[in-house]
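See below for the structure under consideration.
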Amino acid sequence: MEKFEPVIVAFCCNYCAYTAADMAGSKRLCYPPNIKIIRVPCSGKVDAIHIIKALEKGADGVLVAGCLEGDCHFKNGNIEASKKVTYIKNLLDEIGIGGERVEMVLMSAGMGERFAQTAIDITKKIRVLGPNPAKSFTPDKASNDL
Amino acid sequence: MQGQNTFKNNNTVLVIGGGIGGIRAAMDLAESKRDVVLIEKSISSGGLMTQLDRTFPTNNCDLCTLSPNLSESGRNLHIELLAMTQVAECEGEAGNFKIKLITEPRYIDLEKCTACGECYNLFPECVSFSPGLDHRAPTCMRYPQAIPHAYSIDINKCSNIDELVKVCKAGAILPEDTQKYREIEAGSIVLAPGAEVIDVDNLDSLGHAFYPDVITSLEYERILSASGPTQGKLIRPSDGKRPEKIAWIQCAGSRSIQEGAVSYCSNACCMFALKEAMVTKERFQDTIETSIFYMDMRTFGKDYESYLNRAKNDYNVRLIRSRPHTVLKDPETESLSLMYTQDSSNSNITENFDMVVLSAGFKVSDNARELAVKLGVDLNEHNFAKTDNFNPVATSKPGIYVCGTFESPKDIPETMVQASAAAFCASKDISIIPDSSEIIENLPPERDVSQEPVKIGVFICDCGLNIGGLINANELADYAGTLPDVKISKMIGHGCSSESMGNIRKIISEKKLNRVVIGGCSPRTHEIKFQDTLRKAGINKYLVEMANIRDQDTWVHFDQPGGATSKARDLIRMAVASVALSHPLKDKVFSINKDVLVIGGGVSGMNTALSMADTGFKVYLVERSGELGGIANRIRKTIEGKDVQSYMKGLIKKVTKHERIEVLTNSFIVDHSGKPGLFKTGLQTAPQMFYRQIEHGVTIFATGALAHQPEAYHLGRYKNVVTQLDMDAMLEDETDKIKSFTSIVMIQCVGSRCPENENCARICCLSAIKNALRILEINPKAQIFILYRDIRTYGLYEDYYKTAREKGVIFVRYEADEPPDVQVIEKELKVTFNDPILDRKISVSTDCLCLSTGLIADEESTEDLCRIFRIPKTSDNYFLEDHTKLRPIDLPVPGFFVAGTAHAPKTIKECIAQAQAAAGRANCMLSKDTLNLGAGVASIEKELCAACLICVRSCPFDVPFINADGYSEIDPAKCHGCGICAAVCPAKAIQLKQYEDDQVMAKLTGLLEGVN
Amino acid sequence: MITAERKPMEELIECLRPYHRILLVGCNECVTVCSAGGRKEVGILSSALQMAFMKEGKTLEIREITLERQCDPEYIEELVTDISQAEAVMSMACGCGVQEIAKRFKEKPVFPAVNTSFMGASEQQGVWAERCQGCGDCVLGITGGICPVARCSKQLFNGPCGGSTTGKCEINPDIDCAWQLIWDRMKALGIEENYEKNMPPKDWRTSRGGGPRTIIREDLAK
């Protein structure tokens, strides 16, 4: 196989994580382009189905990013989200895909550094884990069809 | 009284100070359709609060709560924000001020600066980005929403100006920029210049100037802050080690007669020290020891006492009642040593700490003092703006109002209350801007796209070189053109310029596009602009999707153009896939009823009613008893000596005579329905219990609290055992009796700060001292004992505590577990208590035992109202506001507001301020003819609903309910749009508009197509 | 409501191994309410199964459908077209639903995706507890509204056993002793005398003792 470039889907809440990602931008903090963000109003809006469908459709990792504990704009959406992430992690372990492909992180809107670092860390981690085993053996077209 | 006449000469309000108070005032004014000029002397708005790590009592991160406020004020069309600007001169009078403003040079053209940061990257030494991006600076850029969103240049530090100018591709750097003068006219002025932190360097015994590990609370906040100079790592400035033992010293520079200190209490320091200690404990648990040295623990605010108990009991924060006089460096261990005494010991204790935090309070800055002189506003002896008991935010000069720490030292909620009150008073002086509805009328009709096949237009912005510098925007546009349903794809330079927007609009109409994708910057900052473009082009504004190829692509992947290009394609593909499934959404808009329901006819309710009625609204004032006035009818004097009864007489007269106020006494609320702006409330009036329904747009709760009458110390059984309220009357009506007393004992905290009623009643220390001073005036020989736990004469009230001590009132402290004992022996009252200094029991015979029982929530009434109106209350039965810090007047459900002691115990002055503030908040809502609730709300497909209750139980705002038809229903007017219900629904019956599941799935498919 | 829990994935994967096209059927009643087999769980399980097979290099085509109720033949009829495309059916309903599908489509193998557990009530969001065993002879009126059949580990009818300590059951200290609850409730109702009454041995014929049961409402039955 050619050099493996993982595709990582990041569900980011509008109030904190998505803003932190923008913040990483205004600070010009470099991180790998493997991470693609989907904006949600609150991390609590992320459905367990969305996480698992992302993997089923071929993503190699999923990140759910919400506000710091106690800071959720909608009181406890981030807590709800992390419970769902744990549920899906267990299910993935059960079917041998590996729960470690899904991660929940918390950050405040100002934490551009944390967003960039998270992106670096998770990309590194997924690289080590290798391609999503559920993906069929065709090479990753989405990112390399230049 | 000020504010009664409307001058109507000029419709602009000048707000001075861009801190949290100034922002709130400006936003309230703008919302009620007044033009605002908001000036701030530093380079961007935000003030002191943006430097805090987290705020008590919720321990929230401020950034998350504050930034929406800031961006709201920056975006608002009625607000002109002038940073780096101060008042040079002011002439004229209420209704017609002429103010000369002076703006310091920023050397940046705000119109052109895109905050790209290129200048900062290359010349960090001469560029500042608000509030300071530099980690070396005491603050750093904490929030990307800094307003104005632009850099500023320190030209003196710049060695090569020509190079710097060249760096800016937007040509925004203006080396020739100069000080600018400008004259404006304003009808009224709101003063919110804030305060500065007391300079503890002047207090040399505390060592801040020479020991690096002695820091102020604000410096400690910065160290704790994740985006502070240490990136949230708790380390000692001297050696970079993590401290294991930290001491806080309270009243550093406050409540002191030392030179360089102030004599008043700074109000907020006890709480912020507790917060800092708790946050520290939260992070390091038992591996760190936190000790607070204090004189009196002043946790008098709403729920603050339970916060103190949490700190003590759950977090093991050590509280030591002692004021260490000196901080020394232990020569052997290099740590800081404090010497202090304790009640229980008769010698000095020396203890070493790794770090000492000085809880430094507030004082008025020289700058603010000069400002007051320029404006002709009187200051009091502590240099705070002078205000009146019954007109709490009006300064000595008509037309000029004050809020926040320039009025007296205070915490954020009180600042917010005063800000709304000051904005309201200022708005009454001027006229409303004629409605801008003609702009709306010019919009073309919305084209019905439901039957059209999907026709997507993709517009790629190169954002100057921000995007185009790294990836080929033309090629990206070509690529987008190959995607399904894309009819046209174009590169446009600077997509957000009005020229490009015009172009996009033209193309949409010409090509009959019905979906649009913008590849450019962040939807967070620009979605509204592009939505506007779509609407102007005659299609629904929700048919646009933005692909963030700048902030989240080219800006962060500039090291790999290939990767950035490929990611840009991914993001465009996702946006195209998702926008194809978007459909027109309607903002929930409805016209609102402008009548006002005020519940409670006490001093707060009457003030709210009067304020609203004076503004032109019809007010229903409902009072359950037979007469207006509430508890204030029983209060004779304020601590300042003002006559409450003559004020009340005047107030009641004005209210009952007002043509727009309908007073309904003996009336009880029995039912309620409707939604914000369109409420219906039913009430019954005694004695016949006639039923009547009132239609109204807003509801203000001013139901007050009760004078507490606990069963303690023979209260109610023995005539010489009285409450402070009884004493207040006695002092006016029975002076002979007062003269006959030789000894009076007052006991504080009777029925509060105890298991049955955890919180502090706030006003009792003030009433005890007020009454003690009045007793001494009538009977100077009387011996007065005040038995207390902590004296909580917060803020400038400290003066009265000082006077009382000087006049010989004896203050003796008691502990909660050893309360004073009162015996009645042959009709003689004998009080026995422990004197902590002598460490022995003392018995005093007294002629009068006066109990400070304070206020207690009206449990029955709050519970009934909360049930009828479906609003939340606190565990101790006060109304629960939307946000303890930032929204103390608004209840969580729109259209409901709270004023006065129904919110928490407070003084008459504070009640009036909150009443005006509640009127102001209500006025903001009612200044609009319609209410737009946006489109991002959850909706239920009833056929799929299994009525399982999961949404009902999961909603953080208790909006969904199972209706009479047996399925879940969500009132869009109440939905906050978080989508939690949609994510938990096991039947997938709920969709959150704008973020529907098929759109999320389409994004996934769009991204991952070809992977499988 | 009838409560259920999803079976271990391994078991589900094993029974579907011979097939390439299956129909995954959810139910919008009890199993939706207890989050075991509603539309959402169908979606999640479908993804998980497909991934599990893809991992082995095999594709499993899954069609998802959620019926209003799987225990009524009329709703089962809605499967007619979809089922013809599938080699096998996996039902996320309780045992009743699985059997209704098996009865209607005799030629199709049908597999349960959940273990049907008990008749229970939700104690709070996400927590369900057993309340009823359908014994066919309800004694709740005598026992203060707390069932000794479903909630006493030993199904005792005359007071607690010797293993009841501080209100908890000896089988599992997390379980409340049903007889403690019954006693507390009787006291609250002022009917302590009921406790003194000796209850005769229970006639289990109304329960499973008499074999599978049928209810016939003559006025409704056709």
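Do we find a residue being hydrophobic (A, V, I, L, M, F, W, C) and more than 26 Å from residue B:792 (Cα to Cα) anywhere in segment B:876-895?
Scanning segment B:876-895 turns up at least one residue that is hydrophobic (A, V, I, L, M, F, W, C) and more than 26 Å from residue B:792 (Cα to Cα).
Of a type in the set (A, V, I, L, M, F, W, C), within 17 Å of residue A:104 (Cβ to Cβ) and in contact with a His (Cβ under 8 Å, 6 or more places away or on another chain): is that true of residue A:12 in this structure?
No: the conditions fail for residue A:12.
Scanning for something more than 27 Å from residue B:723 (Cα to Cα), in contact (Cβ under 8 Å) with a residue 12 or more places away in the chain and assigned to a loop (DSSP other than H, G, I, E, B), does segment B:843-863 turn up at least one residue?
no
Taking the residues in segment B:960-983 that are facing another protein chain (nearest Cβ under 7 Å) and open to solvent by less than 40 Å² (accessible area, probe 1.4 Å) as candidates, determine which candidate is farthest from residue A:83 (Cα to Cα).
B:977
When segment B:290-305 is examined, which residues are found to be over 16 Å from residue B:324 (Cβ atoms) and among the hydroxyl-bearing types (Ser, Thr, Tyr)?
B:299, B:304
Within segment C:185-196, work out how many residues are surrounded by 10 or more Cβ atoms within 10 Å (Cβ to Cβ) and not in a helix (DSSP H, G or I).
2
Can you give me the number of residues within segment B:916-953 that are in contact with a Cys (Cβ under 6 Å, 6 or more places away or on another chain) and within 14 Å of chain C (Cβ to nearest Cβ)?
1
Just checking, does segment B:296-307 include any residue being open to solvent by 40 Å² or more (accessible area, probe 1.4 Å) and at pLDDT below 95?
yes
Please go through segment B:376-413 and pick out each residue that is under 25 Å from residue B:33 (Cα atoms) and out of contact with any helix residue (DSSP H, G or I) (no Cβ under 7 Å at 6 or more places or on another chain).
The answer is B:391, B:395, B:398, B:399, B:413.
Quick one: would you say residue A:3 is without any contact (Cβ under 8 Å) to a residue 12 or more places away in the chain, more than 9 Å from every other protein chain (Cβ to nearest Cβ) and over 12 Å from the mean Cα position of the chain (by Cα)?
Considered against the rule, which asks whether it is without any contact (Cβ under 8 Å) to a residue 12 or more places away in the chain, more than 9 Å from every other protein chain (Cβ to nearest Cβ) and over 12 Å from the mean Cα position of the chain (by Cα), residue A:3 comes out as yes.
If we keep just the residues of segment B:373-386 that are free of Cβ contacts under 8 Å to residues at least 60 places away in the same chain and in contact with a strand residue (DSSP E or B) (Cβ under 8 Å, 6 or more places away or on another chain), which is farthest from residue B:423 (Cα to Cα)?
B:383
So that you can scan it fast, the table gives a plain yes or no per residue for (1) within 14 Å of chain A (Cβ to nearest Cβ); (2) of a type outside the set (A, V, I, L, M); (3) part of a strand (DSSP E or B); (4) touching a residue at least 40 places away in the same chain (Cβ under 8 Å):
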residue: B:177; (1), (2), (3), (4): no, yes, no, yes
residue: B:182; (1), (2), (3), (4): no, yes, yes, yes
residue: B:194; (1), (2), (3), (4): no, yes, no, yes
residue: B:205; (1), (2), (3), (4): no, yes, no, yes
residue: B:209; (1), (2), (3), (4): no, no, no, no
residue: B:219; (1), (2), (3), (4): no, yes, no, yes
residue: B:235; (1), (2), (3), (4): no, no, no, no
residue: B:246; (1), (2), (3), (4): no, no, yes, yes
residue: B:255; (1), (2), (3), (4): no, yes, no, yes
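Determine the pairs where a residue that is on the phi > 0 side of the Ramachandran plot, located within segment C:153-177, has a partner that is among the aromatic types (Phe, Trp, Tyr) with Cβ atoms under 9 Å apart, the partner being 6 or more residues away or on another chain.
Note: pairs meeting the criteria are C:159/C:179; C:159/C:183; C:159/C:195.
For segment C:84-104, which residues satisfy the criterion of being surrounded by fewer than 21 Cβ atoms within 10 Å (Cβ to Cβ), under 20 Å from the mean Cα position of the chain (by Cα) and not hydrophobic (A, V, I, L, M, F, W, C)?
Answer for segment C:84-104, where residues must be surrounded by fewer than 21 Cβ atoms within 10 Å (Cβ to Cβ), under 20 Å from the mean Cα position of the chain (by Cα) and not hydrophobic (A, V, I, L, M, F, W, C): C:95, C:99, C:103.
Determine whether residue B:214 is farther than 24 Å from residue B:252 by Cβ, open to solvent by less than 60 Å² (accessible area, probe 1.4 Å), over 26 Å from the mean Cα position of the chain (by Cα) and of a type outside the set (Lys, Arg).
no
Scan segment B:275-287 and give yes if some residue there is free of Cβ contacts under 8 Å to residues at least 60 places away in the same chain, open to solvent by less than 10 Å² (accessible area, probe 1.4 Å) and hydrophobic (A, V, I, L, M, F, W, C), otherwise no.
yes
Can you name the condition, by its number, that residue B:990 falls short on among (1) buried (at least 21 other Cβ atoms within 10 Å of the Cβ); (2) within 8 Å of another protein chain (Cβ to nearest Cβ)?
(2)
Has segment B:636-657 got any residue that is more than 30 Å from residue B:763 (Cα to Cα) and either open to solvent by 50 Å² or more (accessible area, probe 1.4 Å) or part of a loop (DSSP other than H, G, I, E, B) (or both)?
yes
Name the strands (runs of 3 or more DSSP E) wholly inside segment B:322-433 in which the number of residues that are over 24 Å from residue B:911 (Cβ atoms) and more than 23 Å from the chain's Cα centre (by Cα) is 3 or more.
B:327-329, B:336-340, B:349-353, B:355-360
If a residue must be under 22 Å from residue B:979 (Cα atoms) and in contact with a strand residue (DSSP E or B) (Cβ under 7 Å, 6 or more places away or on another chain), how many such residues does segment A:56-88 contain?
Here the count works out to 17.
Residue B:1006 - would you say it is over 30 Å from residue B:703 (Cβ atoms), within 14 Å of chain A (Cβ to nearest Cβ) and modelled with pLDDT under 90?
Here the answer is no, as residue B:1006 does not meet what is asked.
Go through segment B:801-812 and give me each residue that's in contact with an Asp or Glu (Cβ under 9 Å, 6 or more places away or on another chain) and open to solvent by 30 Å² or more (accessible area, probe 1.4 Å).
If the condition is that a residue be in contact with an Asp or Glu (Cβ under 9 Å, 6 or more places away or on another chain) and open to solvent by 30 Å² or more (accessible area, probe 1.4 Å), then no residue fits.
So which residues in segment B:217-267 are open to solvent by less than 10 Å² (accessible area, probe 1.4 Å), closer than 26 Å to residue B:793 by Cα and among the β-branched types (Val, Ile, Thr)?
Passing the criteria: only B:249.
Where in segment C:2-80 are there helices (runs of 4 or more DSSP H), lying fully within it, with 2 or more residues that are in contact (Cβ under 8 Å) with a residue 12 or more places away in the chain and of a type in the set (A, V, I, L, M, F, W, C)?
C:9-16, C:30-33, C:39-55
The values are calculated or read from the model by the stated rules, or taken from the named source; none is laboratory data. What you see is a predicted model, and the numbers here were worked out from it, not measured in a lab. Please note: Cβ atoms are built from the backbone with ideal geometry, for glycine as well, and neighbour counts cover all protein chains shown. Areas reflect the complete protein model, heavy atoms only, side chains present, ligands, DNA and RNA absent. Shrake-Rupley method; radii C 1.70, N 1.55, O 1.52, S 1.80 Å.
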